[in-house]
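Asks: Just dropping this structure here.
The values are calculated or read from the model by the stated rules, or taken from the named source; none is laboratory data. Note that this is a predicted model, so its numbers are computed, not measured. Please note: Cβ atoms are built from the backbone with ideal geometry, for glycine as well, and neighbour counts cover all protein chains shown. When the accessible area is computed, the model is the full protein with side chains, heavy atoms only, and any ligands, DNA or RNA have been set aside. Shrake-Rupley method; radii C 1.70, N 1.55, O 1.52, S 1.80 Å.
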Amino acid sequence: MIAPLLTKRLRLRTPNADDLYRYLAYRNDTAALAAQMMQPVELKEAELFLAAQSCMAPEAYGWRMFAVEKNDKPGLIGEVGVFIGAEEPQKGDIGWWFAANHQGQGYALEAGTALIEWCFAHRPLHRLTAHCLVANNASLRLMRRLGLRQERQTVESRYFNGCWHDEVGYALLRREWLELGNDEGCMRWNDPYP
């Protein structure tokens, strides 16, 4: 388990079984599923996923989810996460998903900033990537605001619901993150994993 990451308004923590119904609610929102080109999550699948995340070792590879909640009002409002593969342990692919009623308030930017800092300052990774559909304007804006730069755009590379969709990919190197004026340790850390 990783100690919580604290920002001005948010707490990013290891998810647990208490998050189940809020997780299912935002993960199965019809508009969000269409924007992400994902299928609904079943109850048992969600239970198993949250259970695995709740006992994931700090140094483990795979997808690591951070549950996001407000400091002044506990309860899951969304998530940020990173996939780190054992075959390329200096690279990570980040993502986010927030409940509709918590979008457009800067929470994804705040949580994404904390996640990037954790990835570069405490994992430590060399390179992060993120991607989304070209039509997902909110994620495109967020990637730019987080300091990522566009690296690629693919044409009709994802097939979903009978249609082909274009994707865009962004990236950020650790040295670029440092050049943006970020320092290691600017968040409040309790995480013993370097």
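Asks: Using only alpha carbon pairs under 8 Å that are at least six residues apart, calculate the relative contact order of segment 1-159 and give it in whole percent.
Replies: In percent, rounded to a whole number, it is 21.
Asks: Can you return the lysines within cross-link range of LYS70? Criterion is Cα-Cα under 20 Å, with same-chain partners fewer than 8 residues away left out.
Replies: LYS8
Asks: Per residue, how much accessible area does segment 1-114 show when a 1.4 Å probe rolls over the protein heavy atoms, in square angstrom? The partial results should precede the final answer.
Replies: Values: 5600 Å² over 114 residues.
For segment 1-114, the per-residue accessible area is 49 Å².
Asks: Hey, another quick one. At 1.4 Å probe size, with the rest of the protein present, what percent of the exposed accessible area of segment 55-194 is carbon and sulfur atoms?
Replies: 51
Asks: Compute the Cα gyration tensor for segment 48-165, then decide on rounded, prolate or oblate, letting a ≥ b ≥ c be the square roots of its eigenvalues: rounded whenever a/c is under 1.5, prolate when a/b is larger than b/c in the other cases, and oblate in all that remain.
Replies: Because its axes are fairly even, with a/c under 1.5, segment 48-165 counts as rounded.
Asks: May I ask you to order 40-49, 61-70 by the average number of other C-beta atoms within 10 Å around their residues, highest value first?
Replies: Result, highest mean Cβ count within 10 Å first: 61-70, 40-49.
Asks: Please report, to two decimal places, log10 I(q)/I(0) for segment 93-153 at q = 0.14, 0.16, 0.22, 0.25 Å⁻¹ as given by the Debye formula with identical point scatterers on the Cα atoms and no solvent.
Replies: After summing over all Cα pairs, the log10 values are -0.40, -0.52, -0.95, -1.17.
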